[in-house]
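Colleague: The structure that follows is given in the form of structure tokens.
The values are calculated or read from the model by the stated rules, or taken from the named source; none is laboratory data. Please read all numbers here as calculations on a predicted model, not as lab measurements. Here the Cβ is made from the backbone with ideal geometry for all residues, glycine too, and neighbour counts use every protein chain on show. Side chains included, ligands, DNA and RNA excluded: accessible areas come from the protein's heavy atoms. Shrake-Rupley method; radii C 1.70, N 1.55, O 1.52, S 1.80 Å.
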Amino acid sequence: MNTKSLSFLYKLIPFPYVKGFKFSSFYNSIMESQFFSENEMNSLVDRNFSRIAEYAIANVPFYKEYFSDKIDLQNISSIKQLNNLPIMRKEDVRKHFKKLASKEVDKKKYSVDFTSGSTGTSINIFKFEDSINETLAFYWRYNQWAGLGFTDRIAFLTGATFPESKKIFKYSHNKLFLSAFHITKDNLKLYSSLIQEFQPAALRGYPSAIMLLTKYMKKNNIIPPKVKVVILTAECLLDEYRKEIAEYWNCRTQNIYGQAENVVSIGECEKGSLHISSEFGYMELVDNEGNPVEIGKPGKIIGSGFTNFAMPFLRYDTRDVAILSGKKCGCGRSLPVVQSIEGRSEDIIVTPDGRMVGRLDAAFKYSAGIELSQIVQNDPDSITVKIVRGDNYSSRDVDRLEIELRKRLGYKIKINYNFVDNIERTPLGKLRFVVSSVTPEL
């Protein structure tokens, strides 16, 4: 069905009803609940937790075997009961994979998703069709926050693959998919042309990939199409990337955080605040010992998802780091506000004197000749900076980078520079800014 036919269909059956009764019912419910009072939201969170906890203990062997003695099965009523459960890590999922699947997996429609495996530990995840639709409802809620309508055209620059052909792009209704796996100068020229022709209302994708596209288009004096928003997702959003992208595309940017495990979802509203979608899952921030951290302090994101009954994750360690804000947002939503998402705990550099330094992207903003970079740390005494040189690179770029890194990391750590032709992406096409095997002591 072509775009014109779809537009006609959407006029007859408006969004969200065109997506079916279950989807429209859930979408309408979360559009209402986002403005609940704090007490109403807390009650909803308790109900959602009770619902998935009861299901997990009744239908998922892992929880029935390991957690049933830690929760009062006759009185599952409050999210506070999560404190009785140990934190689940990716290693636990790998070890108990078969026991974590619902016994109803073979009875219902499901699909298999997988994590990016950016640390070499990708895992498969079962998801019921209902869960996928509920997750999609939050996607559309974030689009609504960004001012996008259901029929608006969106161009995606993500880890899309098209195994049925050798193509690096694909049209699907009112969407254009461009592969972040195939970013070269020639392909960036093609992507720019396709986007110009497509005239999307929004551009959505990995910050690193959209930044490369932006740099290419700027360098070649290509005037971007008028878009309402650039949506940046799946990677830690660096401040310099965000600033340059917003200036070039002359529009607002929206930051979205989530993971394939479907435990925590965070989106940026029209006022610029990052909101936790409390209806999607419950987020805790803890230190390395599992103790709650204070508001305004960085902590590891521990998530408990409320949507995926095929493979529930309760108190799952995402290995990401965030800082919670105690402020209310002027948008009027009761959804909690996150001050910042710092990226993975692996994205933090540990210095020999024990300091934990994140957001090193600012050190690179004076080195315009560096096209791509990645910091690798395998021990607390040194780091290696991989650098892909741009066309206007000069030795001054590294000289200035050295100065800026020293301002942030000090002089006790050794800094090695390694010039490379390319930087390897994750299996999903993402580019990691920091790759570290040194665990920060949060």
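Colleague: Round to a whole number: what % of the accessible area of the stretch 376-421 belongs to carbon and sulfur, probe 1.4 Å? All intermediate terms of the calculation are to be shown ahead of the outcome.
Modeller: Details: 1180 of 2740 Å².
Looking at the stretch 376-421 in its full context, I get 43 percent from C and S.
Colleague: Could you work out which residue, out of 112, 264, 227, moves most in a Gaussian network model of the chain, that is, has the largest mean-square fluctuation with Cα springs under 10 Å?
Modeller: Checking each option, the largest mean-square fluctuation is seen for 112.
Colleague: Given 182, 283, 112, which one lies farthest toward the positive end of the charge dipole of the chain, if we put +1 on the Cβ of every Lys and Arg and -1 on the Cβ of every Asp and Glu?
Modeller: Final value for the positive-end residue is 182.
Colleague: Go through 53-64, 32-43 and give me the packing order, highest mean Cβ count within 10 Å leading. Write down the numbers at each step before the final one.
Modeller: Numbers: 53-64: 18.9, 32-43: 13.7.
For the peptides 53-64, 32-43, the packing ranking is 53-64, 32-43.
Colleague: Around residue 47, with a cut-off of 13 angstrom between Cβ atoms, what is the net charge of the other residues, counting Lys and Arg +1 and Asp and Glu -1? Kindly include the intermediate steps, with their values, before the conclusion.
Modeller: Details: positive: 51; negative: 40, 46, 54, 279.
Once positives and negatives cancel, what remains is -3.
Colleague: Let me check I've understood the local charge: for residue 336, count other residues with C-beta under 13 angstrom from its C-beta, Lys and Arg +1, Asp and Glu -1. What total comes out? Could you put the intermediate results ahead of the total?
Modeller: Numbers: positive: 327, 328, 333; negative: 38, 279, 284.
Within the 13 Å Cβ shell, the charges total 0.
Colleague: Further question on the same structure: Hey, which of these cross-link pairs are over 32 Å Cα-Cα: 127/300; 19/228; 109/189; 219/407; 22/243; 99/167?
Modeller: Working: 127/300 25 Å; 19/228 24 Å; 109/189 41 Å; 219/407 30 Å; 22/243 39 Å; 99/167 39 Å.
With Cα atoms farther than 32 Å apart: 109/189; 22/243; 99/167.
Colleague: On to the next question. Can you compute the charge dipole magnitude of the chain about its Cα centre, using +1 on each Lys and Arg Cβ and -1 on each Asp and Glu Cβ, nothing else charged? Give it in debye, rounded to the nearest 20.
Modeller: Here the size comes out at about 1180 debye.
Colleague: Using a ≥ b ≥ c from the Cα gyration tensor of the stretch 329-420 (square roots of the eigenvalues), is it rounded, prolate or oblate, where a/c under 1.5 gives rounded and otherwise the larger of a/b and b/c decides, a/b for prolate? Walk me through the intermediate numbers first.
Modeller: Working: a/c = 2.50, a/b = 1.51, b/c = 1.65.
It comes out oblate by the Cα gyration axes.
Colleague: According to the square roots a ≥ b ≥ c of the eigenvalues of the Cα gyration tensor, what is the shape class of the chain, taking rounded for a/c under 1.5, prolate for a/b larger than b/c otherwise, and oblate for the remainder?
Modeller: Because a/c hits 1.5 or more and a/b fails to exceed b/c, the chain counts as oblate.
Colleague: May I pose another question? When only C-alpha pairs under 8 Å and at least 6 residues apart count, what is the relative contact order of the stretch 139-295, in percent? Working shown, then result.
Modeller: Values: 250 pairs, mean separation 27.8, N = 157.
Reported relative contact order: 18 percent.
Colleague: Under the rule a/c < 1.5 gives rounded, and otherwise a/b versus b/c splits prolate from oblate, where does the stretch 236-319 land using the Cα gyration tensor? Don't jump to the answer; show the numbers that get you there.
Modeller: Values: a/c = 2.46, a/b = 1.63, b/c = 1.50.
Here the stretch 236-319 falls in the prolate category.
Colleague: Taking only C-alpha pairs under 8 Å that are 6+ residues apart, what is the relative contact order of the chain in percent? Write down the numbers at each step before the final one.
Modeller: Working: 833 pairs, mean separation 61.3, N = 442.
Relative CO of the chain lands at 14 percent.
Colleague: Considering the chain as a Gaussian network with a 10 Å cut-off on Cα pairs, which listed residue, 317, 391, 113, attains the greatest mean-square fluctuation?
Modeller: Maximum among the listed residues: 391.
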